[in-house]
Amino acid sequence: MLVVETIGRIRQEHFVKGKPIKQIARDLKQSRNTERKVLRSQETSFAYEREVQPRPKLGRWMDTSSARCWKRTGASPRANG
């Protein structure tokens, strides 16, 4: 994840100091594609958020295992928060 300081440094190195993308990538240990993405966009932060987990580990067993757990402990699913 890129923070605002890193994005600012990438832009300063390229636009003010005139460094090529390849040199900036080496100095900051980022990929050249990341450097290009920062320089071409006007974004101040980049974060990836997955909308849906494609295949949950428990899958179809989640409902039955949760129900057993709640029955055994006597608590509701959202009792503690």
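What follows is calculated from the coordinates using simple rules that are stated; it is not laboratory data. Fair warning: this is a prediction, and the values are worked out from it, not measured in the lab. In this analysis, Cβ positions are derived from the backbone assuming ideal geometry, glycine residues included, and neighbour counts consider all displayed protein chains.
What the table shows:
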| read-out | value |
| --- | --- |
| Computed lengthening from Arg11 to Leu28, 0.36 nm per intervening residue step minus Cα-Cα distance | 4.9 nm |
| Candidates per chymotrypsin sites (Phe, Trp or Tyr not before Pro) in the range 1-56, loop by DSSP, up to 13 other Cβ within 10 Å | Tyr48 |
| Phi-based couplings in Hz for the range 6-19 (Karplus 6.51, -1.76, 1.60; Gly and Pro marked x) | 5, 4, x, 5, 4, 5, 5, 4, 7, 7, 8, 8, x, 6 |
| Under 14 Å from the Cα of Lys17 - aspartates and glutamates, other chains or at least 8 residues apart | Asp27 |
| Partners for Lys22 among aspartates and glutamates (Cα-Cα distance below 17 Å; same-chain residues under 8 apart left out) | Glu13, Glu35 |
| Spacing of the two label points (7 Å from each Cα toward its C-beta) at Arg68 and Val4, in nm | 4.9 nm |
